[in-house]
Amino acid sequence: MKISVIIPTFNSAKTIKDTLESIISQNWPDLQIIVQDGVSIDSTKTIVENYPAAMSGWKSETDKGIYEAMNKGISRANGEIIAILNSDDTWLPGTLERVASAFFRNPDVGIVSGSIEVWEDSQNGAIVVLKSSLLHLHKGLTVQHPATFVRRSVYDSVGLFNTFYRIGADYDFILRCLKANVPWIILDDVFTRMRAGGKGGSTFTLNDWQIRRSYKLSSFIYEAVICANSFVRHFARQVILKIFGKKTLSTFRSYLWRKRIYR
């Protein structure tokens, strides 16, 4: 079973080595690595050149955002299974073996999703494991996209990422797959380690709101509540950081994360 992994990069010199090492250490015999770069101006390419398997899939060109980069990578992929791994994320040992085993045992399954470990890149930083779920999508993207593996045939039938959404195109894609009744397996296995930050740090974005409303997943009142809750948490984080510093903010984040199961 051939697996293609797409790595969207842009000025990723600080983290791309760890990402590539985690992929190559899987020792998967039939693996295609595609590095879709957005014309980095740092030493990203120099680092990738140290890995011939990754350099053979290197392409650097302008794009309109990360989802267009993902789409370009998918169009170049020739594996039966396609994974997307961000350039600051890593796979845990044995990930591809476990994923491939799930697909082998279930030939009709189109998508396999697992859990992610989100960690704060600082000394004694917060850590949380977030599971994937198809039952809580009315709250937001509760399928952990960095730990999701998709058959090529699913992209052929459902389509690629909608680049209208600057942040939530993965959420929209997941909902389209669900609407199309794509057979899915959710595993508890932790496949991916992801640095804290970005979209995962917020419970409300405009794109997520647009997507939930377009699929009629939530009411106006519910959206108002989560928007207010997200604003309060953001304001609290800024106050704690300014007054007490990063260490106290990390403790506060750990407290919030202990309550979480899904992103």
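The values are calculated or read from the model by the stated rules, or taken from the named source; none is laboratory data. Because the structure is predicted, anything quoted here is derived from the model rather than measured. As a convention, Cβ positions derive from the backbone with ideal geometry for all residues, glycine included, and neighbour counts pool all protein chains shown.
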Candidate set from segment 234-246 (those that are of a type in the set (D, E, K, R) and surrounded by 12 or more Cβ atoms within 10 Å (Cβ to Cβ)); member that is nearest to Thr205 (Cα to Cα): Arg237
Residues of segment 174-208 classified as under 17 Å from Gly114 (Cβ atoms), touching a helix residue (DSSP H, G or I) at 6+ places or on another chain (Cβ under 9 Å) and at pLDDT 95 or above, total: 11
Residue within segment 121-131 that is over 27 Å from Lys246 (Cα atoms) and outside any loop (DSSP other than H, G, I, E, B) present: no
Residues of segment 6-19 classified as in a strand (DSSP E or B) and within 14 Å of Met55 (Cβ to Cβ), total: 2
From the options Leu187, Leu96, Leu134, Leu175, residue that is within 17 Å of the chain's Cα centre (by Cα) and assigned to a loop (DSSP other than H, G, I, E, B): Leu134
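Of all residues being among the basic types (Lys, Arg) and either touching a residue at least 12 places away in the same chain (Cβ under 8 Å) or under 22 Å from Arg258 (Cα atoms) (or both) in segment 74-133, which is surrounded by the most Cβ atoms within 10 Å (Cβ to Cβ)? Just the residue, please.
Looking at residues that are among the basic types (Lys, Arg) and either touching a residue at least 12 places away in the same chain (Cβ under 8 Å) or under 22 Å from Arg258 (Cα atoms) (or both), I get Lys131.
For Leu217, indicate whether it is within 22 Å of Asp89 (Cβ to Cβ) and over 20 Å from the mean Cα position of the chain (by Cα).
No; evaluated as a whole, the condition is false for this residue.
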Verdict on Arg233 being basic (Lys, Arg), assigned to a helix (DSSP H, G or I) and under 21 Å from the mean Cα position of the chain (by Cα): no
Residues (part of a helix (DSSP H, G or I) and either without any contact (Cβ under 8 Å) to a residue 12 or more places away in the chain or over 10 Å from Ile34 (Cβ atoms) (or both)) located in segment 51-68: Pro52, Ala53, Met55, Ile66, Tyr67, Glu68
Options Val5, Val39, Val35; residue that is surrounded by 15 or more Cβ atoms within 10 Å (Cβ to Cβ), over 15 Å from the mean Cα position of the chain (by Cα), at pLDDT 95 or above and not acidic (Asp, Glu): Val35
Tabulated pairs, segment 212-225, first touching a residue at least 60 places away in the same chain (Cβ under 8 Å), second in a loop (DSSP other than H, G, I, E, B) and of a type in the set (A, V, I, L, M), C-beta under 8 angstrom, 6+ apart or interchain: Leu217/Leu137
Within segment 153-195, considering residues that are without any contact (Cβ under 8 Å) to a residue 12 or more places away in the chain and of a type outside the set (D, E, K, R), the one farthest from Val143 (Cα to Cα): Phe164
Checklist (1) aliphatic (A, V, I, L, M); (2) closer than 23 Å to Gly159 by Cβ; (3) assigned to a helix (DSSP H, G or I) applied to Ile82, failing item: (3)
Filter result for the condition that a residue is surrounded by 17 or more Cβ atoms within 10 Å (Cβ to Cβ) and either among the aliphatic types (A, V, I, L, M) or part of a loop (DSSP other than H, G, I, E, B) (or both), over Thr142, Thr163: Thr142
Some residue of segment 42-62 being within 19 Å of the chain's Cα centre (by Cα), crowded, with 22+ Cβ neighbours inside 10 Å and among the polar types (S, T, N, Q): no
